[in-house]
1. Cα-Cα over 24 Å: which of K67/K115; K115/K164; K115/K135; K94/K115; K62/K117?
2. Hey, what angle do you get for helix 131-143 against the long axis of the chain, alpha-carbon based, 0 to 90 degrees rounded to 10?
3. Per DSSP helix of 4 or more residues, -39500 (n - 2.57); summed, then divided by the residues of the chain. What does that give at 222 nm, rounded to the nearest 500?
4. Could you please report the charge total around K115, scoring K, R as +1 and D, E as -1 over all other residues with beta-carbon less than 12 angstrom from its beta-carbon?
5. So which lysines pass the test for K16, namely a Cα distance under 20 Å, with those fewer than 8 places away in the same chain ruled out?
6. State, to one decimal in nm², a quarter of the convex hull surface area for the C-alpha atoms of segment 38-178, i.e. the direction-averaged projected area.
7. Show me the ranking of peptides 68-81, 118-131, 91-104, 139-152 by mean Cβ neighbours inside 10 Å, starting with the highest.
Amino acid sequence: SMILSTFSGVSFPLIKVAEERQVPLLLTLVASNSAIQPDYKYTFRFFFLSNQTGVAHFDSFKGAGVKPLGIVYLNDEYGVSARDTIIENARINKIDYVEDSYNPGSNDFRSQILKIKTENIDAVLFVTIPPSALKSFISQARELGVAVPIVDVGGIIPGAGGIKAVGSESEGILTSAT
């Protein structure tokens, strides 16, 4: 027997089951740093860690003198893990930041965008999973006059179906290949 699970929300309850029953659990599309622990003997992940995508652009930010950053993140296991990594690296690099979260399933980001826009940010990091959320965020940010670089933290655009889903809104967006 073996369990295959995708996405953090479904996978986290299965970790306990797999470990208790000693059944291998293969995780994919689970980027939360807490998904894998040293004492897990039956849980394996085949996906990037949020702490890998959360730091991908800091050398560029530091070199360009980017201060402050806007961080808008998905309020779930993945988004919070990515946010924590981004904030840790912002502090290490002495980069100020302003942050706001949104709930899974949200597609209206205007309040988050307005909050970070008032802080005169130099770039915004958007942490999401669904391409439709990224497309909505980019569109709404442009609609509200955000003219700073937008970073697709999770590598949604180069992912399977990402460019097709985000469409022309992907033009000029910084991303990471995962």
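Coordinate-derived values only; no laboratory data. Bear in mind that the values here come from a model prediction, so they are computed numbers and not experimental data. Cβ placement follows ideal geometry from the backbone for every residue including glycine, while neighbour counts extend to all protein chains displayed.
1. K115/K164
2. Its long axis makes an angle of about 10 degrees.
3. Roughly -11000 deg cm²/dmol at 222 nm, from the helical runs in the chain.
4. Counting the neighbours of K115, the net charge comes to -1.
5. Of all the lysines, those that pass the test against K16 - Cα under 20 Å, at least 8 places apart if same chain - are K41.
6. 8.8 nm²
7. 68-81, 118-131, 139-152, 91-104
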